[in-house]
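Comments concern the structure below.
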Amino acid sequence: MRNLIWISGASSGIGAALAASTPYAEARVIDLSRRGGVVEHFAADLADPADWQRVEEHFVAELAGFDGERVIFVHNAGTVVPIGPAATVDPAAYTQAVLLNSAAPQVLGRAFLRATARLDCEKHLVMLSSGAASKAYPGWSAYNAGKAAVEHWVRTVGLEEVAEGKESGGSVKGCRVVAVAPGVVDTAMQGEIRAVDEQDFPAVERFRELKRSGGLTTPEEAAAGLWAVIAAQYPTGSVLDLRELPS
């Protein structure tokens, strides 16, 4: 087995499209999610801190003795709900969203970096981001803040990886860490967005119009773009938007 790939949230949407279109021969693909999909499944609730330790232990166990060409972790899992003003949404749901969108990417990203630190193969950590990382949408405070946190974490860890590489004489042991915004993709999340009231999400009509006008990217198109980013090997710490990259 030459390639070992983890995709969080691969039970549907972009994650499922990624799992179905893996471009590498002899690839083992593992879905980290609650429900599971069509590939090998490691059941975990990524909004539950108790499961983060389980995922880290899983990384370590599966990578023990790995001597293949490439390891990849695409962190795709996230949620846009609850949608509405921070002062009025359900407190428990809001806490879950903060844990999944802000904390889980950082904790699981660190776990992957640690688990792969001694490997000499090609290593990639890809964090899915969003235009919401830089544009504030009222009603999306947990989602906006989570994606902004992901992007700044990637920038910071990218600097750490570069510094570590310089200190070790340009060692190949470093992991290529990037954040990628896939654009507005036609997934179940978009359906949840379009269903809310304008009072809770004032920008909802923009997303309804994108659906009506055929302006949404398909999950398959987004997946192809993400695999292309990995193949292009952008500098570690890069924050990218598929809509701004050459086709």
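Could you work out the per residue convex hull volume over the alpha carbons of the stretch 74-143, in cubic angstrom?
For the stretch 74-143, the hull spanned by Cα atoms encloses 81 Å³ per residue.
Comparing V74, V162, V29 in a Gaussian network model of the chain (Cα springs below 10 Å), the most mobile by mean-square fluctuation is V162. Roughly how many whole Å is it from the C-alpha centroid of the stretch 99-156 to that of the stretch 76-98? So the two Cα centres are separated by 17 Å. Just add up the charged neighbours of V29: K/R +1, D/E -1, any other residue whose Cβ is under 13 Å from the Cβ of V29. Result for the local shell: -1.
The residues of the chain expose on average 46 square angstrom of accessible surface per residue, using a 1.4 Å probe on protein heavy atoms. Within the listed set H152, H75, H124, the residue fluctuating most in the Gaussian network model of the chain (springs between alpha-carbon atoms under 10 angstrom) is H152. Put a dot 7 Å past the Cα of A50, heading toward its Cβ, do the same for V162, and the two dots end up 4.2 nm apart.
For K147, which aspartates and glutamates qualify as cross-link partners when the Cα separation must be under 15 Å and same-chain residues fewer than eight apart are set aside? Filter leaves D241.
If you take all other residues with their beta carbon under 11 Å from the beta carbon of P82, and give Lys and Arg +1 and Asp and Glu -1, the sum is -3.
Residues whose amide H comes within less than 5 Å of that of A44, counting only those at least five positions distant or on another chain, are S33, R34 (H built at 1.01 Å from N in the peptide plane). Backbone geometry of the stretch 236-246 corresponds, through the Karplus equation with coefficients 6.51, -1.76 and 1.60 at θ = phi - 60°, to 3J(HN,Hα) couplings of 4, x, 5, 10, 10, 10, 4, 6, 9, 9, x Hz, x marking Gly and Pro. For R176, the residues whose modelled amide H falls within less than 5 Å of its own, excluding neighbours fewer than 5 places apart on the same chain, are K123, H124, L125.
Among the protein heavy atoms of the stretch 14-141, carbon and sulfur supply 53% of the accessible surface, probe 1.4 Å, non-protein parts ignored. Look at the alpha carbon pairs under 8 Å that are at least 6 residues apart: their mean separation over the length of the chain gives a relative contact order of 20 percent.
222 nm [θ] for the chain, helices only, -39500 (n - 2.57) per DSSP H run of 4+, per residue, to 500?
Calculated at 222 nm, the ellipticity per residue is -13000 deg cm²/dmol.
Positive contributions from Lys and Arg (+1) and negative ones from Asp and Glu (-1), summed over other residues with Cβ under 12 Å from the Cβ of A222, come out at -3.
Debye-formula intensities of the chain, expressed as log10 I(q)/I(0) at q = 0.09, 0.12 Å⁻¹, are -0.37, -0.67 (one equal scatterer per alpha-carbon, no solvent).
The values are calculated or read from the model by the stated rules, or taken from the named source; none is laboratory data. No experiment lies behind these values; they were computed from the predicted model shown. Note that each Cβ is placed from the backbone with ideal geometry, even for glycine, and that neighbours are counted across all protein chains shown. Remember, those area values only see protein heavy atoms, side chains included, never the ligands or the DNA or RNA. Shrake-Rupley method; radii C 1.70, N 1.55, O 1.52, S 1.80 Å.
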